[in-house]
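I'd like to ask some things about the structure below.
The values are calculated or read from the model by the stated rules, or taken from the named source; none is laboratory data. The structure presented is a predicted model; accordingly, all values stated were derived computationally and were not measured. We place every Cβ from the backbone using ideal geometry, glycine too, and count neighbours over all the protein chains shown. Heavy atoms of the whole protein, side chains included, go into the accessibility calculation; ligands, DNA and RNA do not. Shrake-Rupley method; radii C 1.70, N 1.55, O 1.52, S 1.80 Å.
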Amino acid sequence: MPDIRVSAAVIVDDAGRVLVVRKHGTTRFMQPGGKPEHGESAAQTLIRELHEELGIELVEADLSPLGTFVSEAANEPGHRVIADAFAVTAPIADVVVQAELAELRWITPADAESLPLAPLSTEHLLPLAWPAAGR
């Protein structure tokens with residue numbers, strides 16, 4: 001199974017909601033982030049992607065590594081995604097859908113039950129954001 005390497009952000013607001021995004025032409029929501037450009041570290045990739053997709057300005061000190069996770073890719077059948085995940089510890093006030101994103105949502109554990117989510121989100125990243133929710 002071919003691999004797709006990405007960096008992903010787990011962003012939780014003050015109300016305990018998690019930010020998920022959906023790209024144009026897709027149906028599943030996922031954590032924001034994306035694929036590295038040549039020579040970028042995982043953190044550099046995430047900082048660039050969050051700026052391009054959501055207008056968020058961060059530095060590496062704003063990211064807390066959560067680990068590397070593997071799941072079936074949501075939008076590329078027959079592929080798996082290998083994600084370097086980070087919690088974003090900076091306050092995020094305004095986010096704006098830009099670039100290849102079609103929409104964003106701030107979700108609760110209850111919202112996650114009825115929203116089409118990427119396997120990486122349901123298997124690994126949302127349980128990190130909501131350990132008490134038992135996801």
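Mind checking the dipole of the chain: about its Cα centre, +1 per Lys or Arg Cβ, -1 per Asp or Glu Cβ, Debye to the nearest 20?
With Lys and Arg at +1 and Asp and Glu at -1, about 380 debye.
Are there GluC sites (Glu not before Pro) in the range 91-135 that DSSP marks as loop and that have at most 16 other Cβ atoms within 10 Å, and which are they?
GLU100, GLU113
Continuing with the same structure: With each label point set 7 Å from Cα along the Cα-Cβ vector, what nm distance links HIS38 and GLU52?
Computed distance between label sites HIS38 and GLU52 equals 1.5 nm.
Follow-up. For Cα pairs less than 8 Å apart in space and 6+ apart in sequence, what is the mean separation divided by the residue count of the chain, i.e. the relative contact order in percent?
Relative contact order comes out at 33 percent.
Additional query: What per residue convex hull volume, in Å³, comes out for the range 47-113 when only alpha-carbon positions are used?
Roughly 130 Å³ of hull volume per residue.
Give me the percent of the accessible area of the chain that comes from carbon and sulfur atoms, probe 1.4 Å, all protein chains in place.
Solvent-exposed carbon and sulfur of the chain make up 51 percent of the total.
Would you mind telling me the antiparallel percentage of the DSSP bridges in the chain, rounded to 5?
70 percent
Give, in whole angstrom and from largest to smallest, the semi-axes √(5λ) of the equivalent ellipsoid of the chain, with λ running over the eigenvalues of the Cα gyration tensor.
Largest first, the chain gives 19, 18, 15 Å.
Taking a label point 7 Å from the Cα of ALA15 along the Cα→Cβ vector, which residues of the range 103-130 have an amide N closer than 13 Å to it?
105-111
If you don't mind, there's one more thing I want to ask. Hey, can you find the accessible area per residue of the chain for me, probe 1.4 Å, expressed in square angstrom?
Spelled out: the 1.4 Å probe surface of the chain, per residue, equals 50 Å².
Restrict the search to the range 1-74; then list the GluC sites (Glu not before Pro) that DSSP places in a loop and that have at most 14 other Cβ atoms within 10 Å of their Cβ.
Qualifying residues, ordered by number: GLU37, GLU57.
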